[in-house]
Amino acid sequence: MRSLITTLLFLCILFLSANKLSAGESDFYFLSHPAPSPDGTSVVFSFEGDIWKVSLSGGQATRLTAMTGQETHPRFSPDGRYIAFSGEQDGNRSVYKMNTSGGDITRLTWHDGSNLVNSWSWDSERIRFSSDRYNYIDAYEVDISGSTPRRLFNSHFFNLPHDIAQHPETGDFFFTDTWESFRFPERKGYRGPFNPVIRSYNPETDEYREHTEHEGKNMWPSADQNGTVYYASDQYNNEYNLFRIRNGEPEQLTRFDESIRYPQVSADGSVVVFEKGYQIWVYDVETESSRHISVSLNRNPVLGLPVSFSTAGSVTGFDISPDNKKLAFISRGELFVSDTEGKYVRQMSTNPAERVSEVVWLDDNELLYTQTWNGYHNLYTIRAEAHSQERNLTQLRMHHRNLTPSPERDQIA
């Protein structure tokens with residue numbers, strides 16, 4: 001009875017600790033596609049396939065969606081009533097809208113192409129999005145009632161218009177139209193005929209302008225209610241920094257040594273939010289300063305389940321022990337040990353989040369292998385025994401490859 005009570009107490013403590021850690025975690029990574037509210041007081045973003053909302057000061061985020069598939073590209077309407085986003089409820093990306101406070105979600109597009117939300121009209125009645133329904137990519141808008149979408153530029157010479165943002169007074173649409181900004185924004189340092197340029201076009205007046213002359217990448221325009229356009233450019237140091245077009249001239253705002261992504265300005269022009277280092281940052285227009293937004297997320301702790309799979313036909317590396325009695329091999333990124341006759345198999349690696357790549361025997365009982373650490377294959381050792389603990393030998397941001405032991409197996413090249 002005492003043993004049972006002790007076990008139950010231990011499980012309760014473990015459960016409470018897991019929930020406490022889950023609720024208290026902060027500074028999450030891989031927060032993407034941030035967009036500020038019209039008054040610049042809150043931010044919506046995508047994380048683990050759902051849309052979340054958090055105060056601009058940071059803190060606890062609130063989950064707004066829990067749909068099947070991925071939800072990305074959230075955008076507040078200028079009047080603050082709605083959030084539009086792209087979702088994959090039935091496999092393809094469609095445009096959806098919901099109230100900013102949550103509630104029912106309405107699907108607005110039904111084409112089987114990919115539809116990525118860009119921005120809103122200033123009267124909050126239409127959503128602009130990029131879609132491959134007619135061309136490789138083109139610009140469209142749809143009413144919040146869900147009527148048939150229409151192309152923004154019915155007669156023009158643009159190839160791939162996307163990331164649409166409209167000037168609130170002139171009606172000019174700002175955008176880029178090359179695959180370097182749509183498909184290959186991570187390809188830094190590109191210089192060539194497909195360099196993205198911040199362009200504008202007015203379908204009513206047929207007026208066209210180019211607003212950047214820099215021979216590099218200028219991407220992701222967004223506009224505030226004053227007509228100031230913010231975008232990212234690699235003009236400063238070949239890393240994407242925040243710029244704006246004011247009075248017709250480009251102006252640099254940040255000088256980071258690490259690239260930003262997807263800048264979005266609030267409708268009132270007070271803040272610009274963007275990704276940096278897979279986290280959310282904000283640029284305060286008045287103080288001309290940038291800071292990281294620390295976000296906490298409540299997540300359900302998940303217990304790992306045992307997984308059974310066959311290693312036959314999927315062995316990617318192996319080594320035989322010096323006494324020729326044991327075999328170490330790698331299958332699907334996991335490390336195993338067996339006898340050479342195949343009477344037993346024991347899994348040695350215990351971290352399902354990391355991947356093993358190579359293995360060699362140091363002696364008849366100790367293994368040296370490479371396993372990922374922060375994305376890089378580093379050196380580890382473990383005894384080929386039950387309940388052995390692995391030991392991390394290196395923590396370098398470079399890959400260790402082609403392990404070759406000396407004849408005495410006391411050194412590794």
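Structure above, values below:
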| quantity | calculated |
| --- | --- |
| Size of electric dipole in segment 193-234: Cβ of Lys, Arg +1 and of Asp, Glu -1, about Cα centre, debye, nearest 20 | 140 |
| Nearest-0.05 FRET efficiency for THR316 and ASN154, computed from C-beta distance (R0 56 Å) | 0.60 |
| Positive-end extreme of charge dipole, the chain - chosen from TYR190, SER121, GLY103 (charges on Cβ) | GLY103 |
| Rg to Rh, two decimals, where segment 234-380 supplies the alpha carbon set and Rh follows Kirkwood | 1.26 |
| Low-density loop positions, GluC sites (Glu not before Pro), segment 106-204 - DSSP coil, at most 12 other Cβ in 10 Å | GLU169, GLU186, GLU204 |
| Cα→Cβ-extended label distance, 7 Å offset, between ASP123 and SER294, nm | 4.5 |
| Charge dipole (debye, nearest 20) of the chain; +1 at Cβ of Lys and Arg, -1 at Cβ of Asp and Glu | 1080 |
| Positive dipole terminus of segment 213-359, leading residue within PRO322, SER294, ILE260 (C-beta point charges) | PRO322 |
| Surface per residue (accessible, 1.4 Å probe) for the chain, Å² | 51 |
| Largest to smallest principal axis extent of the C-alpha atoms in segment 213-284, angstrom | 30, 29, 16 |
| Farthest positive-ward along the chain dipole, Cα basis, beta-carbon charges - from THR340, PRO250, PRO74 | THR340 |
| 0 to 90° range, to nearest 10: angle between helix 2-24 axis and the chain longest Cα axis | 30 |
| Rg and Dmax of the chain, Cα atoms only, in Å | 26.6, 85 |
| Inter-label distance, nm, simple model (7 Å from Cα along the C-beta direction), ASN92/LYS188 | 3.6 |
| Segment 166-296 - Kirkwood radius from inverse mean 1/r over Cα pairs (Å) | 15.0 |
| Environment charge at LYS217 (Cβ cut-off 15 Å; Lys +1, Arg +1, Asp -1, Glu -1) | -3 |
| Global form of segment 136-182, assessed from the alpha-carbon gyration tensor, a/c cut-off 1.5 | oblate |
| Calculated FRET value between GLU366 and MET398, using beta carbons and R₀ = 22 Å, to 0.05 | 0.40 |
| Cα-projected label distance for ARG332 with ASN237, points at 7 Å along beta-carbon direction, nm | 4.4 |
| Over the chain, relative contact order from alpha-carbon pairs under 8 Å, at least 6 apart, % | 11 |
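The values are calculated or read from the model by the stated rules, or taken from the named source; none is laboratory data. What you see is a predicted model; the values in this text were computed from it and never measured. So basically every Cβ, Gly included, is an ideal-geometry build from the backbone, and we count neighbours across all protein chains shown. Only protein heavy atoms, including side chains, enter the accessible area calculation; ligands, DNA and RNA are left aside. Shrake-Rupley method; radii C 1.70, N 1.55, O 1.52, S 1.80 Å.
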